[in-house]
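Coordinate-derived values only; no laboratory data. Since we're looking at a predicted model, the values are computed, not measured. When we count neighbours, we look across all protein chains shown, and the Cβ atoms used for this are built from the backbone with ideal geometry, even at glycine.
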Amino acid sequence: SIWSKLVGSGSCLPPRVVSNDDLAADLATRGIETSDQWIVERTGIRQRHIAERGVTTSQLGTEAAKRALADAGVDASEVDLIVVATSTPDFVFPSTACLIQANIGATNAAAFDVQAVCTGFIYALTTADSFIRAGRARCALVIGAEVFSRILDWSDRGTCVLFGDGAGAVVLKASDEPGLLSAKLHSDGSQMKILCAAGNVAYGEVTGDPFLRMEGQAVFKLAVNVLDKVAREVSEEAGISVADIDWLIPHQANVRILNAVARKLDLPSERVVVTVDQHANTSAASVPLALDVARRDGRIKPGQLVMLQGVGGGFTWGAALVRM
Ligand code: ACO
């Protein structure tokens, strides 16, 4: 049977680093109080990369895609599918995937976006895997890219300290060797209100609330529960024990969520890839960014088992188990 194999990865962070102290100083000028200590204790976040005004999701995604193709040794003309996960697309349409398709010159590729907020990359990866397994694609570029800084209410300290900008990408190729072993996607739209950006442009006007809003504690509890459950589902489907997972790469929202999930799954914290301290929460970009960091620094090795997990707005959640 046909499998999809992960043959390359790449990522891109905007160059501007904003430390907690920088952010606290900036908020203080507008009478909003926060501190490095509060942010580190509650979230584990120490800094985030923030895109300059005008830098778009497609620009970050294009750079990540180019790096992933170079890593895989794949020419853009070989790519026959591009799936981009984003909740901060450049435009209503065309899709961010089409913009990236043009930028990299992938003239033989179909291109579209999927939107599942912080679970977006897992949705995109599972979609591309399904195309490959069905024989409808042979070489797919899967990208998570976001400029969340542009939908944050910078006067809401409960949310604006949590997010950053960035992009990550992987190349999947059809293979007769097992790669992506199993995956599971979930949704519960009845929980939409605990995490949403419910604004829209209609008839030339902004309607609703364009900023991200979140009930932090509700999200926290739900996230820990569903990440634990879905990891078990996906392992079971692949016939693999959770204890045999070499690396757990959950969506990077909060170090306390990551620790709680590892504890529930009885996985030592050394097997969890953590980048939230450096990148903060980059939504759909967080999982491929963390995967790329850990592949490039030599932690993730060929043959190892990696569990990727997402959870976020919608509410959505999912996981994929990958043999590298
Ligand atoms: N600096 C200082 N004080 C703050 C800040 C801040 N940046 N933000 C909130 N506070 C205050 C609150 O106003 C509150 O003050 P009060 O007691 O006087 O009312 C106090 O800190 C405690 O606020 P809580 O919201 O109860 O703090 P909590 O311990 O729940 O931490 C947090 C908040 C970090 C958001 C936590 O709930 C959390 O991590 N939730 C998970 C949500 C998450 O990670 N979301 C990311 C997006 S979702 C996703 O990607 C899946």
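For the chain, what does the equivalent ellipsoid look like in terms of its semi-axes, each the square root of 5 times an eigenvalue of the Cα gyration tensor, given largest first in whole Å?
Largest first, the chain gives 29, 23, 18 Å.
Can you show me the helix-derived [θ] at 222 nm for the chain, built from DSSP H runs with n ≥ 4 at -39,500 (n - 2.57) apiece and divided by the number of residues, rounded to the nearest 500.
Estimated from H runs of four or more residues: -10000 deg cm²/dmol.
Taking Cα centroids, how far is segment 277-324 from segment 120-142 in Å?
With segment 277-324 and segment 120-142 each reduced to a Cα centre, they are spaced 16 Å.
Label points 7 Å out from Cα along the Cβ direction at Glu236 and Ser130: separation in nm?
It is 2.1 nm.
For segment 3-176, give the share of DSSP beta bridges that are antiparallel, in percent and rounded to the nearest 5; count only bridges with both residues there.
Restricted to segment 3-176, the bridges split so that about 70 percent are antiparallel.
Tally Lys and Arg at +1 and Asp and Glu at -1 over the other residues with C-beta under 9 Å from the C-beta of Thr159: what net charge comes out?
Within the 9 Å Cβ shell, the charges total 0.
Can you give the % of DSSP beta bridges in the chain that are antiparallel, to the nearest 5?
70 percent
Set the Förster radius R0 to 45 Å, insert the Cβ-Cβ distance between Asn259 and Ala102 as r into 1/(1 + (r/R0)^6), and round the FRET efficiency to 0.05.
It comes out at approximately 0.60.
Mind checking the dipole of segment 165-324: about its Cα centre, +1 per Lys or Arg Cβ, -1 per Asp or Glu Cβ, Debye to the nearest 20?
220 debye
Filter the cross-link list Lys193/Lys221; Lys193/Lys229; Lys5/Lys264; Lys5/Lys229; Lys184/Lys229; Lys66/Lys184 down to pairs whose alpha-carbon distance in this structure exceeds 19 Å.
Going by Cα-Cα distance, Lys193/Lys229; Lys5/Lys264; Lys5/Lys229; Lys66/Lys184 fall outside the 19 Å limit.
What relative contact order, as a whole-number percentage, does the chain give when Cα pairs under 8 Å and 6 or more residues apart are counted?
Taking the mean separation of contacting Cα pairs over the length of the chain, I get 25 percent.
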